[in-house]
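One structure is given here, and the rest of the page talks about it.
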Amino acid sequence: MNTIEEMIEVAVPVRTAYNQWTQFKSFPRFMAVVKRVEQVGPSVTAWVIGLGPVHREFEAEIVEQEPDSHLAWRSLERHPSHRGEVSFRPTAAGGTAVTVRMQVEPRSVAGVPTNVPRVVGRVVRFELGHFKEFIEGLGQEGGGWRGTIHNGHVRPAEPQPPRSRVPCWPVG
Amino acid sequence: MKKPPGEEPEDALTVTPPKKWAAGVPAVVHALEYSLEETSPRRAGVTLLTMNQVGGIDCPGCAWADPSPGHRHRNEYCENGAKHINDEATTRRITGDFFRGHTVSELGRRSDMWLNSQGRLTEPMVKRPGSDNYEPISWNDAIGLLAAELTSLGSPDEAVFYTSGRVSNEAAFVLQLFARALGTNNLPDCSNMCHESSGFALYETLGTGKGTVSLHDLHHADLIFLVGQNPGSNHPRQLSALEQAKLNGARIIAVNPLPEAGLLRFKDPQKARGVIGHGIRIADRFLHIRPGGDLALFQGLNRLLLEAEDARPGKVLDHDFISSNTSGFEEFSEHVRAISWEDVLTATGLTRKEIEQVRDEVLRSERVIVCWAMGVTQHKHGVPTVREIVNFLMLRGNLGRAGAGACPVRGHSNVQGDRTMGVWEQMPDSFLDALQQEFGFDPPRAHGLDSVNSIKAMREGRIKLFLGVAGNFVRAAPDSAVTEDAMRKCRLTAHISTKLNRSHTVCGRTALILPTLGRTERDIQSGGEQFVTVENSMSEVHTSRGRLQPASKLLLSEVAILCRLARRTLNGTADIPWEKFEADYGAIRDRISRIVPGLYDFNRRVARPGGIRLPNPVNEGVFPTPSGKALFTRNAWEMPHIPEGHLLLQTLRSHDQWNTVPYTSNDRYRGIHGNRRVVLVNPADLSELGLAEGQRVDLVGVWADNGKRRAEDFQVVAYPTARGSAAAYYPETQVLVPLDSVAEISNQPTSKGIVVRLEPAAPRPSTSA
């Protein structure tokens, strides 16, 4: 695994930056390589990304999430696999330092190693810039999920979140 | 129009070695052969190429989920689905002439296969009191007759309304609304006989009666258990999901009394490795368990996991999940630590080493799914077994996270949706309150009758009227002779059906056949062309739109029949727009959206590709139990007492069969050809019992009431069933399942755990002149 780390400061409070980050389905609105995101559940998202001729789909599981602090994810595909963490720290200026750390599996094509981690690093830097532009431009998040996730298990912020209000009686 | 077979098929048995793999090219050939025998190439093309596609026909077969839109094969169906859909799309027709040529008594002597092969029902028929013939009746008179009988009952509770899992959400909702507006909760359904044990156990322990996994989870699991199920014949598209999981690195443990072909290897006919290659191995480990031994297996496994935690504290159990989300762990732990290994090994027929090897697989796996079917639920301790599976999953936090969870595999396409729509005799007050608020009538609150209790009530004369919507109740129900006697005591029996089956021949004093549209057919009402919706085993609600011209211009849809019946019976006594419902099913869905939680904005959302995925609260971190926590349970079992010289029989379907309907007399995966009256017995047991292969025997049931339950004239086939057990086909052996032999709590018949002995059959009468 190769590690990538990119950081950007955004001029909105931590809560705003964090809340916007939890709205994964909105990512294609401001990110260039993210084409579509489906929120399968609070901890599972399905992504379609494209960069030039490369097009890839993968699913990711959020394994840890703490409001206004961090979230950590891993791809559910075993090969190629990646995992990462995004953290949100307040800055002295009242903004937020958003840091993305990713571990990416090096890949080879026909036995020749490729520089996937360097490309991924560049894309992350690029997209963090898009995030900054978007959230600073709007100044306010478009929503927010305030639950926590620990070891892949969700702990909702409210006792009965709307998505849990479904038929629960026995099905034979 | 194709001609139906006039005579019963020959019954010469040949036996070949069981197959060690499922599907492949033979599956394609058999599917096409049967389809083209039943219908034209054009109609077969329409059904098959739109089947399980976005905007197409939902397979009326099993309830397995479809891949996401954009990820479906051009041919998104299995051999059995193809047979099932073209069995409905058949060009054979039954008209009034047919019934003039066949009395009810004669039809009652025909086989299930022969009855089914006569083709589609095309006009309403009535059997009047004292007559032995069905005769044509107009729709108006048929519905009037049924309505008059309903209104003349002493109480609405003298009627029962049965549904099978083929019924759409819209028809199911209308049916339960009608029954409750009439004043009864007597809504037995086929679920009562299939996965009722799963529903009760999951509801009690997790607060929700549905499975927690999706196809995404299966694809990404590390370890998958297949317990008491036969995916190769009963839900073959599951094999594609299992193949995907294997390619992603999953391991699979199959637990079953029979080493079914589909558990061993799968050849996907849509991939080169499945056509010319060896396919993919499904089970990495096969546990040849005794029928009913699953509870003991999971208890043994749970004990081993607790002991592994003792040896490596903090490394085995998910303490965070257990302490945050569950209750009852200490009591469970104490109970499981005290179980006897001797009992576990006796009940399972496995060795301790085998169970320890499974433990090691579990310890190596971060994400575990347990799939199960009726091999688990149709036992006296079906509910405790599912509860123990939940215990097992909870120990390592394998619930409510990606790639893990509980997966009851349901067998009929909309069996889950019918329950979501309120077809259940014990609906909670929250649902009944919503009905009351929406429609302004007072739904009855007393629980109604399930399938077993309906039969008992009919037998005692407390039920006067039986209405079945789809299905073949008398063959699906246990204790065939008792059930048939009970049905015959009714004043009126009526069936809304697409094809002829034995239930039509077991009549009350008056009997009605109300022919209906199939799912393959265009459904045009006053409001234009309609679609229906269904919910699969993974809680995805989506549309199904028929494409074929109906078998007759005079067929009414299930919704139309029920709405017309409700109008005639209730005569405006409730503020329910039946006419509008019949004209536009969207009007029904609008009402559903206000009554069934989670189906808000139903019409708009269900029209999107892929439809609506109803979330499972467990995956949202919510356990809707009274305590708000998932429940660890202490489960006891008592294995059936099997006297010396007896075997534990499980009933099962053949590969060439859909529920109660055999398509041919063959079961090619198990190597049975030409005759279904066979009993599969382990060679060692045959030798102990002094029986010879090919010998003709009667299966004699043993039950506390000393009833004379006998299934006559079966041929013995040596087969690798688990020691001490036997297997024979359903529904022929339903006669052996005592009505009172039911699972604790769920009241589900124990069709996988019947004590029998094999007695030499009486010599067959000579057929020579």
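The values are calculated or read from the model by the stated rules, or taken from the named source; none is laboratory data. Computed from a prediction, not measured in an experiment: that's the story for all the values here. Glycine gets a Cβ as well: all are built from the backbone with ideal geometry, and neighbour counts include every protein chain shown.
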Where in region B:296-351 are there helices (runs of 4 or more DSSP H), lying wholly inside it, with at least 3 residues that are free of Cβ contacts under 8 Å to residues at least 60 places away in the same chain and within 14 Å of another protein chain (Cβ to nearest Cβ)? B:319-325
Only one of B:Arg237, B:Arg180 is modelled with pLDDT under 95, over 22 Å from B:Asn616 (Cα atoms) and not polar (S, T, N, Q). Can you tell me which? B:Arg237
Got a number for residues in region B:267-284 being closer than 24 Å to A:Leu76 by Cα and outside any loop (DSSP other than H, G, I, E, B)? 2
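If you take the residues in region B:417-445 that are charged (D, E, K, R) and not in a helix (DSSP H, G or I), which one is farthest from the other protein chains (Cβ to nearest Cβ)?
Narrowing region B:417-445 to residues charged (D, E, K, R): B:418-419, B:425, B:429, B:433, B:438, B:442, B:445.
Keeping just the survivors that are not in a helix (DSSP H, G or I) gives B:425, B:442, B:445.
Values: B:Glu425: 11, B:Asp442: 20, B:Arg445: 15 Å.
Restricting to residues being charged (D, E, K, R) and not in a helix (DSSP H, G or I), the top hit is B:Asp442.
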Could you say whether any residue in region B:366-388 is among the acidic types (Asp, Glu), surrounded by fewer than 24 Cβ atoms within 10 Å (Cβ to Cβ), in contact with a helix residue (DSSP H, G or I) (Cβ under 9 Å, 6 or more places away or on another chain) and part of a loop (DSSP other than H, G, I, E, B)? no
Going residue by residue through region B:562-583, is there one that turns out to be within 26 Å of the chain's Cα centre (by Cα) and either of a type outside the set (Val, Ile, Thr) or under 21 Å from B:Val160 (Cα atoms) (or both)? yes
Residue by residue through region B:621-635, note down the ones that are within 12 Å of chain A (Cβ to nearest Cβ), buried (at least 23 other Cβ atoms within 10 Å of the Cβ) and touching a Ser or Thr at 6+ places or on another chain (Cβ under 7 Å). B:Val622, B:Ala630
Odd one out for B:Val618, checked against (1) assigned to a loop (DSSP other than H, G, I, E, B); (2) surrounded by 19 or more Cβ atoms within 10 Å (Cβ to Cβ); (3) within 12 Å of chain A (Cβ to nearest Cβ): (1)
Is there a residue being within 14 Å of chain B (Cβ to nearest Cβ) and of a type outside the set (S, T, N, Q) anywhere in region A:81-93? yes
Criterion (away from chain A (no Cβ under 14 Å), buried (at least 24 other Cβ atoms within 10 Å of the Cβ) and touching a strand residue (DSSP E or B) at 6+ places or on another chain (Cβ under 6 Å)) met by exactly one of B:Ile224, B:Ile252: B:Ile224
Just to check your reading of the model, which residue among A:Gly152, A:Gly121 is in contact with a strand residue (DSSP E or B) (Cβ under 8 Å, 6 or more places away or on another chain) and within 14 Å of chain B (Cβ to nearest Cβ)? A:Gly152
Any chance B:Asn659 is under 27 Å from the mean Cα position of the chain (by Cα), surrounded by 20 or more Cβ atoms within 10 Å (Cβ to Cβ), touching a residue at least 40 places away in the same chain (Cβ under 8 Å) and under 30 Å from B:Gly328 (Cα atoms): no
If you check B:Phe200, B:Phe225, which single one turns out to be assigned to a strand (DSSP E or B), at pLDDT 95 or above and of a type outside the set (D, E, K, R)? B:Phe225
Within region B:80-116, track down each residue that is modelled with pLDDT under 95, among the polar types (S, T, N, Q) and assigned to a helix (DSSP H, G or I). B:Asn80, B:Asn86
In the set B:Phe329, B:Phe286, which member is under 31 Å from the mean Cα position of the chain (by Cα) and not β-branched (Val, Ile, Thr)? B:Phe286
How many residues, within region B:396-409, are facing chain A (nearest Cβ under 10 Å) and either at pLDDT below 95 or surrounded by fewer than 24 Cβ atoms within 10 Å (Cβ to Cβ) (or both)? 0
Mind listing just one residue for me: the one in region B:706-729 that is assigned to a loop (DSSP other than H, G, I, E, B) and farther than 23 Å from B:Gly349 by Cα and, of those, farthest from the chain's Cα centre (by Cα)? B:Asn706
Scope region B:197-216; condition over 17 Å from B:Thr420 (Cα atoms) and either at the interface with chain A (Cβ under 7 Å from one of its Cβ atoms) or hydroxyl-bearing (Ser, Thr, Tyr) (or both); matching residues: B:Thr205, B:Ser214, B:His216
Selection status of B:Arg120, out of contact with any helix residue (DSSP H, G or I) (no Cβ under 6 Å at 6 or more places or on another chain) and closer than 19 Å to B:Pro136 by Cα: yes
